[in-house]
1. Have a look at 487, 448 and point out the one that is surrounded by 20 or more Cβ atoms within 10 Å (Cβ to Cβ) and either closer than 26 Å to residue 298 by Cα or more than 33 Å from the chain's Cα centre (by Cα) (or both).
2. Determine, yes or no, whether residue 233 is in the same structural domain as residue 68 (by TED's automatic domain parsing), surrounded by fewer than 21 Cβ atoms within 10 Å (Cβ to Cβ) and touching a residue at least 60 places away in the same chain (Cβ under 8 Å).
3. Take the residues in the stretch 130-181 that are part of a loop (DSSP other than H, G, I, E, B) and over 28 Å from the mean Cα position of the chain (by Cα); name whichever of them is nearest to residue 231 (Cα to Cα).
4. State the number of residues belonging to the stretch 46-65 that are buried (at least 23 other Cβ atoms within 10 Å of the Cβ), in a helix (DSSP H, G or I) and in contact (Cβ under 8 Å) with a residue 40 or more places away in the chain.
5. Scan (1) farther than 15 Å from residue 55 by Cβ; (2) touching a helix residue (DSSP H, G or I) at 6+ places or on another chain (Cβ under 8 Å) for the single condition residue 126 breaks and write down its number.
6. What's the number of the only condition in (1) modelled with pLDDT under 90; (2) more than 23 Å from the chain's Cα centre (by Cα); (3) closer than 26 Å to residue 421 by Cα that residue 513 fails to meet?
7. Among the listed residues 98, 77, identify the single one that is assigned by TED's automatic domain parsing to the domain that holds residue 295, part of a strand (DSSP E or B) and at negative phi.
């Protein structure tokens, strides 16, 4: 970030950054920075691996939306992660770009190399501080960890001006030792101090009190910005994040849709809209363009193949839906009777255009805009063609049908292998058979297979053309809308012998076609994840 730190004697860093943020909202005591870690912590969610192109697309959107800091990845993890962080650092125009690094020299050097091309680059380094982590994971004494903090933060500060230090498992760390660690990090030059609830253990009162105690106990606490990073194991991530802000933190680390390891992270859209909607109780300012939240949610859902639950706060399909007659009557009379924020404030339009086979391109483009989509010309034409095909098969095309259609188009845009054609023969006289044609990196290949049922036959055909080591862990079908002609949305989860899991999704009025698309999407993701792991192991 743009800053001019002043150094004291013996290289000790004095002073605090003059913060330059990705927003017109000025820095002040009530300004809360939004640190998005969708591309790093979010991607660690099992099955949520993104391609290089998808990471760039998400990063561009986060920057445009007003995110202050984008944690672009873990550069030491693989060559692919390093290249993604370096490219994001080079292209992001406003946000600070951070690379994560363990408290290891080679990690820090690699992160510094990845972000050196950024207009504002940050190294985010971390080390465990809790007794359970020191005893069983680190196998270090408290004094040894203090020495590690000083050495590694100093090393990072010699590479970049903006260094964030995190105390992993801070909420289970004795407060006196946590204060000593934070003091060491600030003295070594850390400009942001993150005290994460790594395992989602804290309650809001405890988390707020921890920040107050540390900030009061560290002599130079005013020389760094304090940050929250909360996991959702007990469903308290957003509540704890806001409690940490009340305790003096002025950076919130979060992800789109709350994705992340285990139960996920604090959801960016929930934190931001809580601050915006309850300014009376949460008197803080953020620089996010909230009208872009719904599209951000759909983008991340599409590229990760992770569906957003219908009743998800802010961005769920039902967040602004009313079925109860009482609620409908109230909203018709006055919107605020049952809505505490407007759909438009998060990028949702109440306008509904019914799509069908007689709809033209202009109407379809308008509908996509209402739903929060902006497609390139080729993507739009592909989606329009699929809309026409869908309308020929369905009596009514609902908004949910269009969302499923476009999300699948976006999700599979960069897949190496795609379904071209499928014919299935089923019935009481077995065995059932499937004839499948796949486009594998531009080459069409066809195979026929049999199986114990049409789904088994289809999956056997895919395995012949796409051999893999994954085991089917989940096969799930649900209807996107009501009616016998509803689109089927299929989820397929694969797990390999190393425990890696991926999830693919597909949608079509033909359940077998949707199943094939979902299975192929899962195999594409599994191959990508295995290649990424192999590259990381080759570096060791």
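The values are calculated or read from the model by the stated rules, or taken from the named source; none is laboratory data. On a predicted model such as this, the values are computed, not experimentally measured, just so you know. Cβ: placed from backbone, ideal geometry, glycine included. Neighbour counts: every protein chain shown.
1. On the way: 448 fails: surrounded by 20 or more Cβ atoms within 10 Å (Cβ to Cβ).
Going through 487, 448 in turn, the sole match is 487.
2. Working: in the same structural domain as residue 68 (by TED's automatic domain parsing): yes; surrounded by fewer than 21 Cβ atoms within 10 Å (Cβ to Cβ): yes; touching a residue at least 60 places away in the same chain (Cβ under 8 Å): no.
For residue 233, the condition - in the same structural domain as residue 68 (by TED's automatic domain parsing), surrounded by fewer than 21 Cβ atoms within 10 Å (Cβ to Cβ) and touching a residue at least 60 places away in the same chain (Cβ under 8 Å) - is not met.
3. Looking only at the stretch 130-181, we keep the residues that are part of a loop (DSSP other than H, G, I, E, B), and these are 130, 139-141, 158-161, 169, 173-174.
In the following step, the residues that additionally are over 28 Å from the mean Cα position of the chain (by Cα) were identified as 139-141, 158, 174.
Numbers: 139: 24, 140: 25, 141: 26, 158: 31, 174: 19 Å.
My answer is 174.
4. 3
5. (2)
6. So residue 513 meets the others, but not (1).
7. On the way: 77 fails: part of a strand (DSSP E or B).
Only one candidate qualifies: 98.
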